[in-house]
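Below is one structure, written out as structure tokens, with a few remarks after it.
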């Protein structure tokens, strides 16, 4: 069963279907409901529309790690690292680098 928050996000997306934050938040809610595949689907669609939505790279990588797809997680972290460098976002860069290093060990 899905949370009231998930239902609320779905309702909000009816009027703002391409809102990056709402789509990201919805993906997180699906993941909380143990629907990681739906979360990945939503984040991948988000990144196709808005490749600069930096937080989505970390979460997407973590979801692929949960599924045991280390290679895909590493690919996503690497893409996120490039975006973080372009945006000069040191915090996100550090998080993505750390996630990547943990997988490489």
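Name the residues in the stretch 88-99 that are surrounded by fewer than 18 Cβ atoms within 10 Å (Cβ to Cβ) and under 16 Å from residue 74 (Cβ atoms), would you?
97, 98
Would you tally the residues in the stretch 10-27 being closer than 28 Å to residue 93 by Cβ, in contact with a helix residue (DSSP H, G or I) (Cβ under 7 Å, 6 or more places away or on another chain) and part of a helix (DSSP H, G or I)?
7
Please work out which one of (1) surrounded by fewer than 16 Cβ atoms within 10 Å (Cβ to Cβ); (2) in contact (Cβ under 8 Å) with a residue 12 or more places away in the chain is the condition residue 17 fails and give its number.
(2)
Please specify each residue of the stretch 38-51 satisfying the condition of being touching a helix residue (DSSP H, G or I) at 6+ places or on another chain (Cβ under 6 Å) and more than 16 Å from residue 77 (Cβ to Cβ).
Hits for the stretch 38-51 are 38, 39, 42, 46, 50.
Which members of the stretch 51-80 meet the condition of being surrounded by fewer than 18 Cβ atoms within 10 Å (Cβ to Cβ) and farther than 19 Å from residue 25 by Cα?
67, 68, 69, 70, 71, 72, 74, 75, 78, 79
Each reported figure results from applying straightforward, stated rules to the coordinates on display, with no laboratory input. Computed from a prediction, not measured in an experiment: that's the story for all the values here. Reconstructed Cβ throughout: ideal geometry from the backbone, glycine too, with neighbour counts over all protein chains shown.
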